[in-house]
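*Asks:* Pasting in a structure now, in structure tokens, and then I'll have a few things to ask.
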Number of protein chains: 4
Amino acid sequence: MKSLGIGLIGTGYMGKCHALAWNSVLPVFGDIPRPRLVHLAEANPDLATQRAAEFGFEQATGDWRELIANPDVDVVSITTPNAFHAEMAIAALEAGKHVWCEKPMAPALADAERMADAAKASGKTTVLGYNYIQNPMMRHISQLLAEDTIGTVNHVRVEMDEDFMADPTATFYWKSEASSGYGALDDFGVHPLSLLHYLFGNVSRVMASMAKPFPTRPLKDGTPRDVETFDIASVLFELETGASGVMALNRSAWGRKGRIALQIFGSRGTITYDQERMNEFQLYTTSDRGTEQGFRTILTAPAHEPYNRFIPAPGHGLGFNDLKIIECHELLNKIDGRPSQTIGFAEGLDIERAVHAMAQSHREQRWIAV
Amino acid sequence: MKSLGIGLIGTGYMGKCHALAWNSVLPVFGDIPRPRLVHLAEANPDLATQRAAEFGFEQATGDWRELIANPDVDVVSITTPNAFHAEMAIAALEAGKHVWCEKPMAPALADAERMADAAKASGKTTVLGYNYIQNPMMRHISQLLAEDTIGTVNHVRVEMDEDFMADPTATFYWKSEASSGYGALDDFGVHPLSLLHYLFGNVSRVMASMAKPFPTRPLKDGTPRDVETFDIASVLFELETGASGVMALNRSAWGRKGRIALQIFGSRGTITYDQERMNEFQLYTTSDRGTEQGFRTILTAPAHEPYNRFIPAPGHGLGFNDLKIIECHELLNKIDGRPSQTIGFAEGLDIERAVHAMAQSHREQRWIAV
Amino acid sequence: MKSLGIGLIGTGYMGKCHALAWNSVLPVFGDIPRPRLVHLAEANPDLATQRAAEFGFEQATGDWRELIANPDVDVVSITTPNAFHAEMAIAALEAGKHVWCEKPMAPALADAERMADAAKASGKTTVLGYNYIQNPMMRHISQLLAEDTIGTVNHVRVEMDEDFMADPTATFYWKSEASSGYGALDDFGVHPLSLLHYLFGNVSRVMASMAKPFPTRPLKDGTPRDVETFDIASVLFELETGASGVMALNRSAWGRKGRIALQIFGSRGTITYDQERMNEFQLYTTSDRGTEQGFRTILTAPAHEPYNRFIPAPGHGLGFNDLKIIECHELLNKIDGRPSQTIGFAEGLDIERAVHAMAQSHREQRWIAV
Amino acid sequence: MKSLGIGLIGTGYMGKCHALAWNSVLPVFGDIPRPRLVHLAEANPDLATQRAAEFGFEQATGDWRELIANPDVDVVSITTPNAFHAEMAIAALEAGKHVWCEKPMAPALADAERMADAAKASGKTTVLGYNYIQNPMMRHISQLLAEDTIGTVNHVRVEMDEDFMADPTATFYWKSEASSGYGALDDFGVHPLSLLHYLFGNVSRVMASMAKPFPTRPLKDGTPRDVETFDIASVLFELETGASGVMALNRSAWGRKGRIALQIFGSRGTITYDQERMNEFQLYTTSDRGTEQGFRTILTAPAHEPYNRFIPAPGHGLGFNDLKIIECHELLNKIDGRPSQTIGFAEGLDIERAVHAMAQSHREQRWIAV
């Protein structure tokens, strides 16, 4: 594997996350050539220069097309607002770059489809930023399912709740405008969908209902303005495996900060997980003696790979940013043709289709096949 | 208030529960005349005699009509299988007795309607065995909602899960026959519905989907027989208050023993509760300083009435059977015209209607108004 | 077994608890003759009459000696303040009664010794009110230890914390006077000691230190008065089994309501328990596969006897008062010569000796052999 | 502040941790000059070269003295086994370098004293690797204590438990030899002591008892060999503040992976924390209304600095390695004369003295003043 030149577009939260991953992926894993941090693009050129210095990039630019035109760049990290993903990703792919793009793909399904087409046409590697599937706990859950530890999965529930929209007295901002999308559904529903996709494959059929906890929110001068997006989305679904399920999303859920709660019911046991305590999961199995059956709380440990690349002692805990380092390593594995667990543009399109089918189901108040 | 004569029909689990309540309600509360345990009916006359001795009833009979004909009986506890509720309750009401009947009212909606009609016609007191609303924690949650502690409730989730049907290798029995009802929906969905009713009033609109985790179960000789009921039911709903919600039921949920998990989202906070830890609930409120906001785990204490009638020290814990003692006391309050928090036949009918609307929604795959 | 006549002395919290147990023990267990509630004594004769009516006792008296002289009384429940235990228990034993006495035995070791002597001389049955050992969870833990599930126990930690003395602005009352005893040590340290005794046998050696969180407390007029007892006690100990341990007590521990937290470390696993969640315990065992080892939360279930006598379904939960019903049943078993798990006066004396050795250790600041 | 040249000695777990911190400290914090990774030393020269490439160091050596002699090195990270700390740290200080040394200082108190003397004489900055004090949750707890949120702290309990020595069938290795130290006491007791030091200052008086859960362990051929160290240590203590406390350590505690459980009792509330769930802590305060008082579980959030430097959204979680990045940043702050929360050699010596006083207390079975 040759050393790759890295370009990073965007320096917000996710931009920083990618930058941290590019800086740490070699020290953590030790099994790859050193990535060369070549070019950083950020709309504000002064900020671009500053962040390039902080993040260790050689060059900075206010024009992302310059970065894509840079022949030293082999991989492009795209961390800009969703509306820019399609244009940038397609340009990068057409320029022969590999693309690591933040989720979701794009607000419009047609754009997501174009991205998937471009990825296919290019033959290049694409990875979407569905970092929660990179958690060693999630990897281990996937392995337990494959080993049939809880038997056949017949029902799944997943909740994702945060409270950044929970305050009805907060000033109206763009997340309540229709132009931002449907609301909770595409804003963060794609995360639980990525877990479902990773663990079980595609959703086949959906029945969704969305709700507005607050029909209006105050403008700066106090005037109420109609809210156009749905902070709450509740979905009944069926998986292609035949299992039934429920997905419940609420971005106005006071007290929830990063909850992604999963309940997986099988014919011989149950697995539960909550992202707010990302270093543990719960397993109930009927193979325990009856009088001692109970949910086991299992803490991350070196045997849950690749936790051991970070820490050789159990129970010490990974953080959210570490998931991005693992994702970065999986991207490099994928580029190099090694086994890799990621969601590329092709699989990402399945997730986007599920989201849009849910929105359609809400509008038409009926079950929709994905 | 005069001393009341008590008749008890049925001596299974709930029969015993009622008997324990009738024995303990005076020693616990101290504010009522001693109930006189007059008559016990049980199909098996020998068992009737034995249980009458154990439970402290004066007389025993193998014929419940004898009990209802007994002029010394003022109140009839009905704890027989659901199919018998209507006939017995109506007979008791027509004989001028007050009725304490286990939930649900009856498998058929028409029977439940007849029960409600009979109750109205009789002018007698009726109470259904929705004991979970009697938990001092639930009472306190209700009070907090009334005090606007978490602001306007805009979304509710409730789950009820047990695992008594979770083993696909267990022999087929009557709970998998269509004659037993829909499955989880009426078998225990009425419990979470009773909580919703108690806290928020009626459900106005439902969209339900039921599922069979195991399409067949083995007969005693191993031959598979088709399962006719649904162990899983998932429901989207709207409350008359305007709040949206999700109800998820699973009686094949390995590891869940008596889970009734409630999440109540408001404009200023959140309340959660799980029946498996019935002596506590969680409250998140934005009135705490931002850096110290978190879910508080609040343990039952004497100030959460009527816990103090049982125990004067906090955190020592009530048990499930204690809820029935409280219910019994509320029944006596209701008979005597004192304030009382119970679900009678009139309110119970609302719950039955919601259940049948959910079943219809599943069949027709569309939203149904209750 | 013949029906026994019951006398109850005291009608405070524990008096009510005993009364509830005497009313419920037959309906719950069904395997004993009906106890006859004969006589109730309470210093205030009017209150005695009122409580006799509530609790179902035939006669009431303001003079406990009358009760003991009553030939119809076979068993005496003693629930008065600790200072009265010795006199009453000895009188009852000398009158040929069985004695069920609340814990601890007596403030002075000499009195406890006289009680044990009287019990021995009488040949009658004695049971002390160490109700926490009656929890089906504790029974099951004991059984798991006997089955060697966690191997050889080499270390034990136990904490007992409540907050009824935590407020330094509360008015000085008798619990801060030296005449009430040492403080947390004898006030409630006997409870964790009863668990240690039940699970492991005697403590052999102790090193204790007691502390006053608040050196003074205000009298009613605000004047500070010196506190004479110790709300905090911390103890290093060794068990006769050779295991080491730590006991930590704090009755000024804000937020703790009825915490008795046990951690039992063995050569092949660990068991933990907290009385504030009395319907569950945690088990970690190395017999689980390495990657799935974790603490299992095990909920009470019918297989954990005698939970099934109360409730046939798992996870529904017993309450504190139910423990007293089990204790009552064990007393009756013991009287009748059946196997029984109780702490009588002989074993209770071991606990008292440990307490006094701890107090001596604190005074002399050195290890003391019990 | 000028850019500093970094030397790293040791490439084991902690060596990697320091390397990760040096790579990430600028991208995370953005407010410091880029550290120059100059020199890496590791006894095995081939490994040194390999790790230098992975970790991004310019030069590698098998001889740590070469690194210390390198004029381009301004700061030396020492991550070798404890026995080497004194020699290396003193040499580095004498060569005019700042020193970041892993904990504990040295097995022998005399060596720790020499280290503190050398630090003082050099005028250079020293920081010990007590990373748990860098957790934003711990910082916030410290701030709450300073704000008097729980009033005057009168009692503290701290436990540290892991299970890496819990298997009695595992082969005897150096941690059971007397030459490795006392056992749990110095092996990891220094971590809880660092928390006590950070939050409350020095321990003034100790009474300790150590225990061996397994008196022998098998050699490779199965022959039992006497264990010379103590896997368990239990300590009663007093703080200089006057508060009393208990510290309990067990490195043979099955199921505990990285538990450092803290309970802080104050006159107006209680704080608890467990390192196994390092992104949360619990607060109970009497300022809540009585009926809603309970332990709040508070999740890390941007307002708990410097969490916001890593992640702008609450509840997403830091990992263990992130603590080392914060520690690294504090070291740089300290070097540059900015406010900094660290434990240097002077404060570290207080911790070492407490450890040795505890060992003496165990030997002499009496209280020892630190």
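*Asks:* Under the rule a/c < 1.5 gives rounded, and otherwise a/b versus b/c splits prolate from oblate, where does the protein assembly as shown land using the Cα gyration tensor?
*Replies:* Oblate.
*Asks:* Using label points projected 7 Å from each Cα along Cα→Cβ, tell me how many nm separate D:Asp72 and D:Glu240, to one decimal.
*Replies:* Distance between the two pseudo-spin positions: 4.3 nm.
*Asks:* Cα centroid distance between segment A:281-295 and segment B:249-297, in Å?
*Replies:* 23 Å
*Asks:* How far apart, in nm, are the 7 Å Cα→Cβ label points at C:Thr169 and D:Ala43?
*Replies:* 6.1 nm
*Asks:* Starting at the first residue of segment A:278-284, write each ³J(HN,Hα) from the Karplus equation 6.51 cos²θ - 1.76 cosθ + 1.60 with θ = phi - 60°, in whole Hz, x for Gly and Pro.
*Replies:* 6, 9, 8, 8, 10, 10, 10
*Asks:* In addition: Considering amide H positions built from the backbone, and no H for Pro or chain starts, which residues 5 or more places from D:Gly129, or on another chain, come under 5 Å of its amide H?
*Replies:* D:Cys101, D:Glu102, D:Lys103
*Asks:* Calculated from DSSP H runs of 4 or more alone, at -39500 (n - 2.57) each and per residue, what is the 222 nm mean residue ellipticity of chain C, nearest 500?
*Replies:* -10000 deg cm²/dmol
*Asks:* Net charge near A:Pro306, counting Lys/Arg +1 and Asp/Glu -1 over other residues with Cβ under 10 Å of its Cβ?
*Replies:* -1
*Asks:* At a probe radius of 1.4 Å, figure out the A/D buried accessible area, summed over both chains, and give it in Å² to the nearest 100.
*Replies:* Answer for the A-D pair: about 3200 Å² buried.
*Asks:* Same structure again: Can you sort C:Glu327, D:Glu364, C:Glu177 by solvent-accessible area, 1.4 Å probe, largest first?
*Replies:* D:Glu364, C:Glu177, C:Glu327
*Asks:* D:Leu40: net charge of surrounding residues, Cβ under 10 Å, Lys/Arg +1, Asp/Glu -1, itself excluded?
*Replies:* Local charge sum for D:Leu40: -2.
*Asks:* List the residues of segment D:43-78 that lose 50 Å² or more of accessible area once all protein chains are present, compared with their chain alone (1.4 Å probe, heavy atoms only, no ligands or nucleic acids).
*Replies:* D:Glu54
*Asks:* Please work out how much accessible surface B:His362 shows to a 1.4 Å probe, ignoring ligands, DNA and RNA, in Å² rounded to 10.
*Replies:* Using a 1.4 Å probe on the heavy atoms, I get roughly 40 Å².
*Asks:* Something else now. Name the residues of segment D:148-182 whose accessible area, probed at 1.4 Å, falls by at least 10 Å² once all protein chains are in place instead of their chain on its own?
*Replies:* Residues passing the criterion (a loss of at least 10 Å², heavy atoms only) are D:Asn154, D:His155, D:Arg157, D:Glu159, D:Asp161, D:Glu162, D:Pro168.
*Asks:* Which FRET efficiency value, to the nearest 0.05, is calculated for B:Arg353 and C:Asp31 with the Förster distance at 45 angstrom and r the Cβ-Cβ distance?
*Replies:* For B:Arg353 and C:Asp31, the calculated efficiency is 0.55.
*Asks:* Moving on to the next point. Dividing the convex hull volume of the Cα atoms of segment D:5-130 by its residue count, what figure in Å³ per residue is obtained?
*Replies:* 96 Å³
*Asks:* Here is a follow-up. Please list, in order along segment C:177-188, the HN-Hα scalar couplings obtained from phi with the Karplus expression 6.51 cos²θ - 1.76 cosθ + 1.60 (θ = phi - 60°), rounded to whole Hz, x for Gly and Pro.
*Replies:* 8, 4, 5, 7, x, 7, x, 4, 4, 8, 5, 9
*Asks:* Using a 1.4 Å probe and ignoring any ligands, DNA or RNA, find the accessible area of C:Arg309 and quote it in Å² to the nearest 10.
*Replies:* Answer for C:Arg309: close to 80 Å² accessible.
*Asks:* Please give me the summed charge of the neighbours of B:Gln293: other residues whose Cβ is under 13 Å from its Cβ, Lys and Arg +1, Asp and Glu -1.
*Replies:* Local net charge: 0.
*Asks:* Taking amide H atoms as placed 1.01 Å from N in the peptide plane, list the residues 5 or more away in sequence, or in a different chain, whose amide H sits under 5 Å from that of A:Gly5.
*Replies:* Residues meeting the criterion, in which the H sits 1.01 Å from N, are A:Arg36, A:Asp74, A:Val75.
*Asks:* Going from most exposed to least, what order do B:Tyr130, A:Tyr182 have by accessible area with a 1.4 Å probe?
*Replies:* Details: B:Tyr130 0, A:Tyr182 60 Å².
Ranked list, largest accessible area first: A:Tyr182, B:Tyr130.
*Asks:* Next up: Roughly how many percent of the accessible protein surface of segment C:191-324 is carbon and sulfur, given a 1.4 Å probe and a whole-percent answer?
*Replies:* Carbon-and-sulfur percentage of accessible area, whole number: 48.
*Asks:* Please compute P(r) over all alpha-carbon pairs of segment C:243-297, binned at 5 Å starting from zero, and give each bin as a whole-number percent.
*Replies:* Per 5 Å bin, starting at zero, the Cα-Cα P(r) for segment C:243-297 comes out as 4, 16, 22, 19, 18, 12, 6, 3, 0 percent.
*Asks:* While we're on this one: For segment B:226-239, take each phi angle, set θ = phi - 60°, evaluate the Karplus expression 6.51 cos²θ - 1.76 cosθ + 1.60, and give the result in whole Hz per residue in order, putting x for glycine and proline.
*Replies:* So the J values, rounded to whole Hz, are 4, 7, 10, 10, 10, 6, 10, 9, 10, 9, 8, 8, 10, 8.
*Asks:* Further question on the same structure: How many angstrom lie between the C-alpha centres of segment B:110-169 and segment B:301-370?
*Replies:* One Cα centre to the other: 4 Å.
*Asks:* Sticking with this structure for a sec: With a 1.4 Å probe and every protein chain kept in, tell me what percent of the accessible surface of segment C:5-130 is carbon plus sulfur.
*Replies:* 50 percent
*Asks:* Given the whole protein assembly as supplied and a 1.4 Å probe, what does the accessible area of B:Cys17 come to in Å², nearest 10?
*Replies:* Only protein atoms counted, so the area is about 0 Å².
*Asks:* Anything losing 30 Å² or more of accessible area from the isolated chain to the full protein assembly: pick those residues out of segment D:196-212, probe 1.4 Å, ligands and DNA/RNA ignored.
*Replies:* Those residues are D:Met207, D:Ser209.
*Asks:* Keeping every protein chain present and rolling a 1.4 Å probe, give me the accessible area per residue for chain A in Å².
*Replies:* Per-residue value: 32 Å².
*Asks:* Here's a follow-up. Scan around A:Gly151 for amide H atoms under 5 Å from its own, H built in the peptide plane at 1.01 Å from N, and keep only partners 5 or more places away or cross-chain.
*Replies:* Close amide H contacts, sequence-distant or interchain: A:Arg268.
*Asks:* Which distances, shortest first and in nm, link B:Thr223 to the matching position in the other copies, using label points set 7 Å out along Cα to C-beta?
*Replies:* Label point to label point, same position, other copies: 7.0, 7.5, 9.2 nm.
*Asks:* A further question follows. Radius of gyration and Dmax for chain D's Cα atoms, expressed in Å?
*Replies:* 21.0, 66
The values are calculated or read from the model by the stated rules, or taken from the named source; none is laboratory data. Please read these numbers as outputs of a predicted model, since none were measured by experiment. Glycine gets a Cβ as well: all are built from the backbone with ideal geometry, and neighbour counts include every protein chain shown. When the accessible area is computed, the model is the full protein with side chains, heavy atoms only, and any ligands, DNA or RNA have been set aside. Shrake-Rupley method; radii C 1.70, N 1.55, O 1.52, S 1.80 Å.
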